[in-house]
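Structure first, then comments.
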Amino acid sequence: MKPDSNKIREEVRKNYRNIVVKSKFTSCCCTTTEETATSCCNDYKNLTFDEISTKLGYSFKELKTVPDGANLGLGCGNPQAIAQLKKGEIVVDLGSGAGFDIFLAAKKIGEKGLAIGVDMTHEMIAKARENAEKGNFNNVEFRLGEIENLPVADNFADVVISNCVINLSPEKQKVFNESYRILKPGGRLAISDVIALGKMPEYAKEDMELYSGCISGASTKAENEEMLKKAGFKQIKITPKNESKEFIKDWNPEINLNDFVISATIEAVK
């Protein structure tokens, strides 16, 4: 039986808290305990976070613009590539972590824009704020909150981005509803996430390590489309990324994950 929403949320929070506290090598595909933070990406164990990010679609030029410590090797794609950010826009990042995508967005929207990161983990928010101060970013904010109940006003944002986070939510419809609420009319959704290729095995649904590792919480393409439509979105476009199979297969070498999930971009308009 699938664990309840509160248990899922607490397990995910604990996992990402440990990523910050332990400051060990890890990524979205990894799970941790209170004692250690380890990587489940065998082929990635000798790569830096920046090298991992280039495999996800970021350029080394982009990576040089963020403060040290902002890139924790998290993610399964590059929402910046589809966000088409413009000067002066307001961007909200769901599950902003240590601020990596927020700092990249901040550079693109300029000083007249505003980039807001929302994360439910106190330690991630503290780390992100520390990074913002270190990098002298004046057009960013980091707010503690859950992505199912965003601490953002109605019709406020031009763009909502997220990178491999929505799959972790036990209440995804609420996440899409909230994203719709905070977007201005004509506002855009630009997400990188994993989607399920079919029905997830029952053992995977019950495994909290697989859930926190961005695997068993994934919804199918059709399920995501239905949730987006129900929230009110139009111009929905979900594009699986076949190249992601190369890094997903290393998330857990004991399971052929390419049978279960694939990275995809998710775009929609309010």
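Which aspartates and glutamates, on any chain, are close to residue 134 with Cα under 15 Å apart, when same-chain ones fewer than 8 places away are left out?
68
Which shape class, rounded, prolate or oblate, goes with the stretch 137-270 when its Cα gyration tensor gives a ≥ b ≥ c as root eigenvalues, a/c under 1.5 marks rounded, and past that a/b bigger than b/c marks prolate?
Prolate, since a/c reaches 1.5 and a/b exceeds b/c.
Could you check the simple spin-label distance between residue 153 and residue 197, using points 7 Å along Cα→Cβ, in nm with one decimal?
Calculated label separation equals 4.6 nm.
Taking a ≥ b ≥ c as the square roots of the eigenvalues of the Cα gyration tensor of the stretch 58-209, is the shape rounded (a/c under 1.5), prolate (a/b larger than b/c) or oblate?
It comes out prolate by the Cα gyration axes.
So which aspartates and glutamates can residue 86 reach, going by Cα to Cα under 17 Å and dropping same-chain residues fewer than 8 places off?
Answer for residue 86, where 17 Å is the Cα cut-off: 62, 101, 111, 158, 267, listed by chain and number.
Mind listing the phi-derived Karplus ³J(HN,Hα) values for the stretch 77-92, rounded to whole Hz, using 6.51, -1.76 and 1.60 with θ = phi - 60°, and x for any glycine or proline?
Here the 3J(HN,Hα) series is x, 9, x, 4, 5, 10, 6, 6, 5, 10, 4, x, 7, 9, 10, 10 Hz.
Over 22 Å between Cα atoms, which of 221/241; 14/229; 64/237; 112/184 qualify?
14/229; 64/237
Would you please classify the overall shape of the stretch 137-216 from the alpha carbon gyration tensor, given that a ≥ b ≥ c denote the square roots of the eigenvalues, rounded means a/c under 1.5, and beyond that prolate means a/b larger than b/c while oblate covers the rest?
Cα axes put the stretch 137-216 in the prolate bin.
Where a number appears in this text, it was derived from the coordinates with a stated rule and is not lab data. Please read all numbers here as calculations on a predicted model, not as lab measurements. Quick reminder, even Gly has a Cβ in these numbers, built from the backbone with ideal geometry, and neighbours come from all protein chains shown.
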